[in-house]
1. Could you run through segment 674-687 and say how many residues are open to solvent by less than 10 Å² (accessible area, probe 1.4 Å) and outside any loop (DSSP other than H, G, I, E, B)?
2. Can you find even one residue in segment 221-230 that is open to solvent by less than 50 Å² (accessible area, probe 1.4 Å), among the hydroxyl-bearing types (Ser, Thr, Tyr), within 21 Å of Gly51 (Cβ to Cβ) and in contact with a helix residue (DSSP H, G or I) (Cβ under 6 Å, 6 or more places away or on another chain)?
3. Within segment 506-543, track down each residue that is in contact (Cβ under 8 Å) with a residue 24 or more places away in the chain and within 16 Å of Ala445 (Cβ to Cβ).
4. Can you spot a residue in segment 127-144 that is in contact with an Asp or Glu (Cβ under 6 Å, 6 or more places away or on another chain), touching a residue at least 60 places away in the same chain (Cβ under 8 Å) and of a type in the set (A, V, I, L, M, F, W, C)?
5. For segment 458-523, please list each of the helices (runs of 4 or more DSSP H) lying entirely inside it that holds at least 2 residues being more than 22 Å from Asp412 (Cα to Cα) and open to solvent by 20 Å² or more (accessible area, probe 1.4 Å).
6. Considering only segment 386-401, state which residues are open to solvent by less than 70 Å² (accessible area, probe 1.4 Å) and not hydrophobic (A, V, I, L, M, F, W, C).
7. Which condition from (1) under 19 Å from the mean Cα position of the chain (by Cα); (2) buried (at least 21 other Cβ atoms within 10 Å of the Cβ) is the one that Gln141 breaks?
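The values are calculated or read from the model by the stated rules, or taken from the named source; none is laboratory data. Values in this document were obtained by computation on a predicted structure and should not be read as measured data. Quick reminder, even Gly has a Cβ in these numbers, built from the backbone with ideal geometry, and neighbours come from all protein chains shown. Each accessible area value is taken on the protein alone, full model and side chains, heavy atoms only, with ligands, DNA and RNA left out. Shrake-Rupley method; radii C 1.70, N 1.55, O 1.52, S 1.80 Å.
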Amino acid sequence: MSASTEGNARAAGYAPHPYVGGRTAALRALAAWRMRWPGAPRVIVLTGNPGSGRSRLLTGFLMMCDPEYRKQLPMDDLDPATVPPDLPAPAVPSAAGRTAAQVLWLLADHFELAAGRTEDVFAELAARDEPVTIVVPDVDQAGPVRAAKEATRVVREVLTPLAATETVQLLADVPRELATELAGALPASQVQVIDLDAPEWADPKGLVLHAETALDAGSGAPELPYTTDPAARRALAEALAARAAGSRLTVQLAVQSLLMQPEGFDPADAAQLPSSVGEALDLHARRLGADPQTLRLMLAPLAFAEGDGLPVQLLGTLANAVAGRDMSQDLADGMLLAAPFIQPVEPSSEDDEDGTGEDAEADAGAGAGAGRTLLRLMHPALAEEIRSGLPDVRDTQTRIAMALLEEVPQQDWAQADPYIRDHLAAHTLEAGLLPQLLTDPGLFAHADPVTLRAAIEAVPLEQLGAPARTYLRTAPLLTRSQASATLRAAFLESAFVEDGLAPYAEALHTRGFRLPWRTLWSVPLAGVRAVTTGSVAAAGEDGTAVSRSVAALLVPEGTPGSRTLPDAADGAVLPQDGTGAADGTAAGEDAGAVNGDGAAAAGGRTALLLHDLRAPEYVDADPSQVVQPSEEDRAAAPLGFSRGADYLRVWARADRRMVAALVSDSPVTDADLSPDGVLVVATERGVTARQILVAVPPAAPSVPAQRTGTTDADASHGLEGDHS
């Protein structure tokens, strides 16, 4: 199969694909792959230069693979060899803007896999009886942060294992520098590389048709001699295609330029026809009497824009920063000059761009994100052309980052533009300044955790300070829980205490968040089997006996600081292994003293470790004298709680309103809530105490012995389920 089939298809009278307008050879190869034609490869790697039309080809092919969309196409008029069979649509997890992990879990969701780990996804696909078809477009646009080079991770962590899975039929659109790596991981008989710029796949006649269609006044172009006269239109289309060296993007930009501003264009002057994307920019500027460098400086902020695009209100600020001078007049006079190369984008309504969810304290940020317009360049290759023309990309990114930082009002991230909150880290990453930025806990809480995590992971771990390492450790919890800014701040507050960074935890209480708790202390104590809150008599500073509130931790015998109890601890009410207060009532409600039961459950003699309930210190006291609050005290407390495998909910007993939700990054072993609202949680990695801060009315008096019906846990509402 080669480009010679283009002429054969037209000679047979077949119509070109209405969207692709050519590429018959490539479409035939893709159709053979889809129908698993004998001898067709199992894996196709589609590649080419930026602007070669890979995305357009893939979109046109997927139109024919969708049972509903193909009904809208003139299928009977097309070359039958280019038409894939009428089968269920393939899985199409686009890599654009996504991390490698996100692409993989999109696949897992699509195929309803029960996988809990990355490697399980490939194993489950390999175990399928029937092959699965997967198309992965836009790998060159992968990742929420450009400088993080996520495309490489997508190829190595997702596409290469997929390609090696015999039950997977894979088609991937991959940049040329990674295409050879992906194809080289497979036997030659299983893979085919379609390079749209290689002679056997080139489509010069299709490029002419592409230009001719774009110039046609009947397709919306203004009425000009070379848009209304078929012969003139054809001649100009052939000249454009001949100069563009196979680049569909160059042809597209040239046509948009002359149709938007036809004055001064002479179709007979070949010197006005561009041979590259860069020439399309410069010829357009000269034809309109402008300095090409000025046009490039106007577009430069968009060439560095992250995410969906740059808010229009930041364009002037960043243009000034890039140019090192006031560009306001250039922008005011030159928007028509820049118009052929820019497209507006409306933010997706499903995106919470301010990163605050329903947080009332961030209304200013929410307003900044509502109904605004973003701008971006027409094509990523245009951005690369503009960036490559700058003398020092790193210096430019430094100036952009400093300008964005200056736009944060009083350094209050709640008031910052959503673009700045979410993407400042990406700009500082390429500027080499990201570690210096990662010291403000307010930014950690407000920034989109997916984007910020991707930027931080691109920095060598040894270059990160302690706060950034804490954030990196907590980021998976922030992303999987899809927490609001306030809840992210709460999770980070606890993480800072766990890592010994109390000042950073305290700072989050001064940033305007209404946090649901204050983390009092945390100990990295593994192996805690159960916890309970209570009080114990201990010696005060003057030697007199005082009552201290404590958390009693059931630990393995021999844990430093713990005391092993005799088989019977008469009079004590202590935690029992596995019977913690999951419903917010007394641990082991009818158990009374631990006696021998707790020791048996623990697999040996009971060892207890006492920790002050409110202070980061252990208590040296007789653990057999620890007494829990009475059942009446607990029933009269304003708060109750319930828990699952890795989450807890604290709720007001009076109205069953949830006042705090905690998701843990490791399984919860046990938990208890004191009557005055201190929540002690033991997980596989340690024990943490949090003072619940939400004020609630006192619970109505109740007599536990007379209660009937369900437990408190059954009546609670809110966060639960699988958070993986």
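1. 7
2. Residues of segment 221-230 that are open to solvent by less than 50 Å² (accessible area, probe 1.4 Å), as a first pass: 221, 224, 226-227.
So of that shortlist, the ones also among the hydroxyl-bearing types (Ser, Thr, Tyr) come out as 226-227.
Now drop any that are not within 21 Å of Gly51 (Cβ to Cβ), which leaves none.
There is no residue in segment 221-230 that is open to solvent by less than 50 Å² (accessible area, probe 1.4 Å), among the hydroxyl-bearing types (Ser, Thr, Tyr), within 21 Å of Gly51 (Cβ to Cβ) and in contact with a helix residue (DSSP H, G or I) (Cβ under 6 Å, 6 or more places away or on another chain).
3. Those that are in contact (Cβ under 8 Å) with a residue 24 or more places away in the chain and within 16 Å of Ala445 (Cβ to Cβ): Ala507, Leu508, Arg511, Gly512, Phe513, Arg514, Leu515, Pro516, Trp517, Arg518, Thr519.
4. Checked segment 127-144: no residue is in contact with an Asp or Glu (Cβ under 6 Å, 6 or more places away or on another chain), touching a residue at least 60 places away in the same chain (Cβ under 8 Å) and of a type in the set (A, V, I, L, M, F, W, C).
5. Values: elements: 466-481, 485-498, 502-508.
Of the helices (runs of 4 or more DSSP H) lying wholly inside segment 458-523, those with at least 2 residues that are more than 22 Å from Asp412 (Cα to Cα) and open to solvent by 20 Å² or more (accessible area, probe 1.4 Å) span 466-481, 485-498.
6. Pass one, segment 386-401, residues open to solvent by less than 70 Å² (accessible area, probe 1.4 Å): 386-387, 389-390, 393, 395-398, 400-401.
Those that are open to solvent by less than 70 Å² (accessible area, probe 1.4 Å) and not hydrophobic (A, V, I, L, M, F, W, C): Arg387, Gly389, Asp395, Thr396, Gln397, Thr398.
7. For Gln141, the failing item is (2).
Residue by residue, here is whether (1) modelled with pLDDT of 90 or more; (2) of a type in the set (Phe, Trp, Tyr); (3) more than 18 Å from Ala551 (Cα to Cα) holds:
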| residue | (1), (2), (3) |
| --- | --- |
| Asp612 | yes, no, no |
| Glu617 | yes, no, no |
| Ala621 | no, no, no |
| Ser624 | no, no, no |
| Leu639 | yes, no, no |
| Trp651 | yes, yes, yes |
| Met658 | yes, no, yes |
| Ser666 | no, no, yes |
